Amino acid sequence: FGIDIRAFVDTALALAVRDGGTPADILVVSDDVAWCRANLHDLVARVAPVTYGAEGQPLADLAAVVHARRVILPNSTFSYWAGFIGDHLARDREVYVPWLFSRGMDGGRSEGQVSPAWTIVDLPGGWPVPDADS
């Protein structure tokens, strides 16, 4: 499932700002908040002020993603389920997901895993296998 998450977040942020304008703030939730701070903060902070969810609180993370009006989801089943639940509660939200879901399924394409209403983000250079630090 590994992707170049920096390239994806950078591309998805640009699309989200283009489509919906600059957000007032950005909340980052993850099961590895320290990694996000170290590897994504510079990308996200250039768009809007950033706060981070509490690590080890998956129910709080789920609630945050479910209730977000605009959300960028990585290629994970946790994220996709949160996206589907959120769509059920608010159909006018914006959801951005990577083109790649899993290299071993459907030629890697995510469209069989996601809602047709979501914006599928492709990377300009494609989806190379990320290095071990990504």
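Derivation of every value follows stated rules applied to the coordinates shown; laboratory data play no part. This one's a predicted model, so the numbers in the text were calculated from it and none came from an experiment. Positions of Cβ are generated from backbone atoms using ideal geometry, with glycine treated the same way; all protein chains shown enter the neighbour counts.
Let's test this: bin the Cα-Cα distances of segment 9-54 at 5 Å from zero up to the farthest pair and state each bin's percent.
5, 22, 33, 25, 12, 4
For segment 25-101, take N as its residue count and report Rg(C-alpha) divided by 2.2 N^0.38 Å.
So the Cα radius of gyration is 1.06 times the expected 2.2 N^0.38 Å.
Can you tally the net charge around Ala90? Count Lys and Arg as +1, Asp and Glu as -1, for every other residue whose Cβ sits under 14 Å from the Cβ of Ala90. Intermediate values should be presented prior to the final figure.
Numbers: positive: Arg69, Arg70, Arg91, Arg93; negative: Asp87, Asp92, Glu94.
Neighbour charge sum, excluding Ala90 itself: +1.
What list of ³J(HN,Hα) values in whole Hz, one per residue of segment 115-125 in order, does the Karplus curve 6.51 cos²θ - 1.76 cosθ + 1.60 (θ = phi - 60°) give from phi, with Gly and Pro shown as x?
6, x, 7, 7, 8, 8, 9, 9, 8, x, x
Using θ = phi - 60° and the Karplus relation 6.51 cos²θ - 1.76 cosθ + 1.60, list the HN-Hα couplings for segment 14-22 in order, rounded to whole Hz, with x at every Gly or Pro.
4, 5, 5, 5, 4, 6, x, x, 6
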